[in-house]
1. I need every pair where a residue in region 261-276 that is assigned by TED's automatic domain parsing to the domain that holds residue 165 and in contact (Cβ under 8 Å) with a residue 12 or more places away in the chain has its Cβ under 6 Å from the Cβ of a residue that is surrounded by fewer than 22 Cβ atoms within 10 Å (Cβ to Cβ) and assigned to a loop (DSSP other than H, G, I, E, B), sequence separation at least 6 or different chains.
2. Return the total of residues in region 234-245 being farther than 11 Å from residue 209 by Cα, assigned to a helix (DSSP H, G or I) and touching a helix residue (DSSP H, G or I) at 6+ places or on another chain (Cβ under 9 Å).
3. Is it the case that some residue within region 398-417 is in contact with a helix residue (DSSP H, G or I) (Cβ under 9 Å, 6 or more places away or on another chain), part of a strand (DSSP E or B), touching a residue at least 60 places away in the same chain (Cβ under 8 Å) and within 28 Å of residue 340 (Cβ to Cβ)?
4. Tell me, please, whether a residue that is at pLDDT 95 or above and under 30 Å from residue 111 (Cβ atoms) can be found in region 342-360.
5. Among the residues of region 112-128, write down those that are surrounded by fewer than 24 Cβ atoms within 10 Å (Cβ to Cβ) and in contact (Cβ under 8 Å) with a residue 60 or more places away in the chain.
6. Say we look at region 1-53 and pick out the residues that are more than 30 Å from residue 81 (Cα to Cα) and not in a helix (DSSP H, G or I); which of these is modelled with the lowest pLDDT?
7. Going by the conditions given, is residue 296 within 28 Å of residue 421 (Cα to Cα) and in contact with a strand residue (DSSP E or B) (Cβ under 6 Å, 6 or more places away or on another chain)?
8. Can you find a residue that is in the same structural domain as residue 140 (by TED's automatic domain parsing), at positive phi and not in a loop (DSSP other than H, G, I, E, B) anywhere in region 320-332?
């Protein structure tokens, strides 16, 4: 009799349950919502591109009937990671030159290699390689600055990732546009093409104050505002950048941008290592977001950003990996979380600085705020876009677990990511990419290695 009643209740519950496309369940759901709920034995239900329920597994399963289920009893569900600064096609330059200063790296290797190799197909295959790595490591949204950004956007959509993708404008002949006038016109066409795209947020990306003239900087702001697009720019990455601008204009890069009106709109500055108190106040006042790139800043000896003060001031500072060549060698945001936290602790001589939960916030909800996208991504909440990752806790690196935040930030590895969903579409299942040919992408990268090496061995 008891079994019959139970069966009847299950049937009745299924009849009254609302239809959903997917339900994912896991040992823990780290929501990153306003209450920072961590739900044990939790579930996320998805309909179309959006989350329709987040809560205890029993409650979600009672309310929703799914077409597809992913049950991960030994995993954490979390919002997809958000990379707030990278240069995706540079994955094909990985390992080309290391252990040198930024200016030497740029002028002796990267700029020559780009001039001799970068075209639309280079960007397509470099982006495929980067997207393969980013998706495998749990990044669902990335912020890019490079050339042929329309091709990069096409390839990002093909991979199923979300991108805030900035067409680079720089003050010398680039692989795609030979003049800044041509770059501005091409950027406008790009903004028009991807306006209101479900996965791509097109952006305007003047490279920096030291590679773009003041008139062109102002023109990029005007263009971005005309299309309500973000403006992405490198900002106070090195002491030399700051010192040179102080000598030339008597003001820091931030104060220059503010004086030109470049910060009057949706803006994200990459790095922010050498921001003083006055700079930070300008960024707070203008609601400018920042991208902290700890691996890049340490490898290039650029310095350590004042992350604790920046966050305490109310400036939204996300995490970025930066380029795949020289400044970084990968797309591992879990590594960036751990390093960001540890750098703040050791430089401030304070072990409680930037705790694990705050580091995860930088990779998720704060990164979303820095991009002006926190209403849509960055946390697992009803109504938000379904960008969800599952991270396995079945391995020895997760045992024993006392605190899911601490385990995720300090113990787990990017290779523990097992499943990835973007915009309600599963793109990684059991560590396998579903949207591209992994073997072909890696094989093509090997072909480019030969081509690029040959190009650098020849005289100009």
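The values are calculated or read from the model by the stated rules, or taken from the named source; none is laboratory data. Every value quoted in this text rests on a predicted model; they were computed, and no experiment measured them. We place every Cβ from the backbone using ideal geometry, glycine too, and count neighbours over all the protein chains shown.
1. As it stands, the answer is 263/286; 266/372; 273/303, since those pairs meet every condition given.
2. Final tally of qualifying residues: 1.
3. yes
4. We begin by selecting, within region 342-360, every residue at pLDDT 95 or above; these are 342-360.
When the remaining residues are screened for being under 30 Å from residue 111 (Cβ atoms), the result is 343.
Yes, region 342-360 has at least one match.
5. Kept after step one, since they are surrounded by fewer than 24 Cβ atoms within 10 Å (Cβ to Cβ), are these residues of region 112-128: 112-122, 124-125.
Of everything in region 112-128, those that are surrounded by fewer than 24 Cβ atoms within 10 Å (Cβ to Cβ) and in contact (Cβ under 8 Å) with a residue 60 or more places away in the chain turn out to be 112, 113, 114, 115, 116, 117, 122, 125.
6. Initial filter on region 1-53 (more than 30 Å from residue 81 (Cα to Cα)): 1-17.
Now narrow it down to the ones that are not in a helix (DSSP H, G or I): 1, 17.
Values: 1: 41, 17: 91.
Here the answer is 1.
7. Values: within 28 Å of residue 421 (Cα to Cα): yes; in contact with a strand residue (DSSP E or B) (Cβ under 6 Å, 6 or more places away or on another chain): yes.
Yes; evaluated as a whole, the condition is true for this residue.
8. Scanning region 320-332 turns up at least one residue that is in the same structural domain as residue 140 (by TED's automatic domain parsing), at positive phi and not in a loop (DSSP other than H, G, I, E, B).
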